[in-house]
Amino acid sequence: MSKFRSFEEINSWQKSRIFNKKIYLITENSNFKKDFDFVRQIRRASLSISSNIAEGF
């Protein structure tokens, strides 16, 4: 089993960053812009995935 030198090497962290970018692109849609609180919550939730992986490292 290999050891990671940084959390950026973790595959799930890399995938969570891709997911986060997709969430930001999707919520740029005008249908989502009407519900600002929902957009903020979804974006924060997607960002917390990568943040929690990094914090756990």
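The values are calculated or read from the model by the stated rules, or taken from the named source; none is laboratory data. Model, not experiment: these values are computed from the prediction. Every residue, glycine as well, gets a Cβ built from its backbone with ideal geometry; the counts of neighbours run over all protein chains shown. What goes into the accessible areas is simple: the full protein's heavy atoms, side chains included, and nothing from ligands, DNA or RNA. Shrake-Rupley method; radii C 1.70, N 1.55, O 1.52, S 1.80 Å.
Which of the GluC sites (Glu not before Pro) found in the chain are in a DSSP loop and have at most 11 neighbouring Cβ atoms, other than their own, within 10 Å?
On the way: sites: Glu8, Glu9, Glu28, Glu55; in loops: Glu28.
Taking the chain and a limit of 11 other Cβ atoms within 10 Å, the loop GluC sites (Glu not before Pro) found are Glu28.
Helix 36-56 sits at what angle to the longest principal axis of the chain, using alpha carbons and giving 0 to 90 degrees rounded to 10?
Between the helix axis and the principal axis of the chain, the angle is about 0 degrees.
Measuring with a 1.4 Å probe in the full set of protein chains, what accessible area per residue, in whole Å², belongs to the chain?
Details: 4710 Å² over 57 residues.
Each residue of the chain exposes 83 Å² on average to a 1.4 Å probe.
Using Cα pairs under 8 angstrom and six or more residues apart, how large is the relative contact order of the chain, in percent?
On the way: 32 pairs, mean separation 27.0, N = 57.
Computed over the chain, the figure is 47 percent.
In 5 Å bins starting at 0, how do the alpha-carbon pair distances of the chain split up by percent?
Result returned by the calculation: 4, 20, 25, 18, 13, 10, 7, 3, 2, 0.
What trypsin sites (Lys or Arg not before Pro) does the chain have in DSSP loop regions with at most 12 other beta carbons within 10 Å?
Values: sites: Lys3, Arg5, Lys15, Arg17, Lys21, Lys22, Lys33, Lys34, Arg40, Arg43, Arg44; in loops: Lys3, Arg5, Lys34.
Filter output for the chain: Lys3, Arg5, Lys34.
What do you get for the angle between helix 11-26 and the principal long axis of the chain? Use alpha-carbon atoms, 0 to 90 degrees, nearest ten.
That works out to roughly 10 degrees.
Counting only protein heavy atoms, what percent of the accessible surface of the chain is carbon or sulfur at a 1.4 Å probe?
Numbers: 2700 of 4710 Å².
Percent of accessible area from carbon and sulfur atoms in the chain: 57.
Lysine pairs in the chain with alpha-carbon atoms under 28 Å apart, 8 or more places apart or on different chains: how many are there?
Values: Lys3/Lys15; Lys3/Lys21; Lys15/Lys33; Lys21/Lys33; Lys21/Lys34; Lys22/Lys33; Lys22/Lys34.
Going through the chain pair by pair, I get 7.
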